[in-house]
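Taking it in order: structure first as structure tokens, then the write-up.
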Amino acid sequence: MKNGRFSKGYSLVVREQDMTGFLPAIAEAGFDGIEPTFVAGGLPSPENHLVEARRLRAVCDGLGLAVPSMRGGRVPWTTIISPDAGERARALDHTRRACEALAELGGSVLLVVPGERTPGIDLDTHWHRVVDYGRAAADIAAGFGMRIGLENVEARFPSSERDWLALLREIGSDRIGLYLDVGNVLWMGFGYPEDWIRTLGKHIVQVHFKDASYRLSGATLHAEIRQLLDGEVDWPEVMRALDEVSYRGWISVEPESYRHLPGRLPRRLAADLDELFKLGTGGT
């Protein structure tokens, strides 16, 4: 934490060409680390996770980039809550393989989406399957000295900070917490991220920063993800809330890449994070 409070991370799907192209641009921009994604076609992939994790670790070490965390990919979105017991077992196998890869990368937080609201699976069933997954995944994470952060995304589960609090309490493990995406709270119309931070503070494992807009015009809803500082998130209030709950650690951007000259984006985002980190009661 170069500023004493937060470290700057860059979340992405790492492709082969990024190893010599985009990752150096991230390092040169001043990011402290990256957050890769455990997905087919990415590095590392579930198909060849240990070898690819070692390769990525070597490249990141050479660039001075840490790998504190990893996104778990799309598999958990459907398998955690599947009616098929074999698919639910697949969710745990995927989690175990992801933890193995993350251990090779030197990280300690695995991001997992706790299932997507699905027709034919009622909320109560969804809830109990996530609790079962969370308790089993906590044991897997403990074996690697890691934590799992369940993320609030467009999967729409849970949909309020109160429900998140109840879910995490029912799972009942310090190994399982919330991976808070600030922009997703506003984008989904689920209130204000600063309120989520104050309610869930001690349960927040790690944080994603992106911006969003959400507004009603008559009967028309306008909601979209935006680049950092291009939306309606109240960033001064978000930073104050993070200081109030004494959050310290990694904050990672999760951007859409520029269509042209993508290597310029890390410089912009690193500068924006530096300014955001000055806000709040802990700022200078």
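Miscellaneous remarks
- Residue in the range 128-136 that is surrounded by fewer than 17 Cβ atoms within 10 Å (Cβ to Cβ), modelled with pLDDT under 95 and either part of a helix (DSSP H, G or I) or among the small types (Gly, Ala, Ser) (or both) present: no
- Residue that is most open to solvent (accessible area, probe 1.4 Å) [pool: residues in the range 232-284 that are of a type in the set (Ser, Thr, Tyr) and more than 21 Å from residue 11 (Cβ to Cβ)]: 284
- Filter result (assigned to a loop (DSSP other than H, G, I, E, B) and either surrounded by fewer than 21 Cβ atoms within 10 Å (Cβ to Cβ) or more than 18 Å from the chain's Cα centre (by Cα) (or both)) within the range 93-107: 106
- Residue 125 vs. criteria open to solvent by less than 10 Å² (accessible area, probe 1.4 Å) and either at pLDDT 95 or above or among the aromatic types (Phe, Trp, Tyr) (or both): no
- Of the criteria (1) within 20 Å of the chain's Cα centre (by Cα); (2) part of a helix (DSSP H, G or I), which one residue 110 fails: (2)
- For residue 120, the conditions (1) open to solvent by 40 Å² or more (accessible area, probe 1.4 Å); (2) assigned to a helix (DSSP H, G or I); (3) farther than 18 Å from residue 12 by Cα all hold with the exception of (2).
The values are calculated or read from the model by the stated rules, or taken from the named source; none is laboratory data. Bear in mind the structure is a predicted one, so any value in this text is a computation, not a measurement. Positions of Cβ are backbone-derived with ideal geometry, glycine not excepted, and every protein chain shown enters the neighbour counts. Protein only, heavy atoms only, side chains kept; ligands, DNA and RNA dropped before computing areas. Shrake-Rupley method; radii C 1.70, N 1.55, O 1.52, S 1.80 Å.
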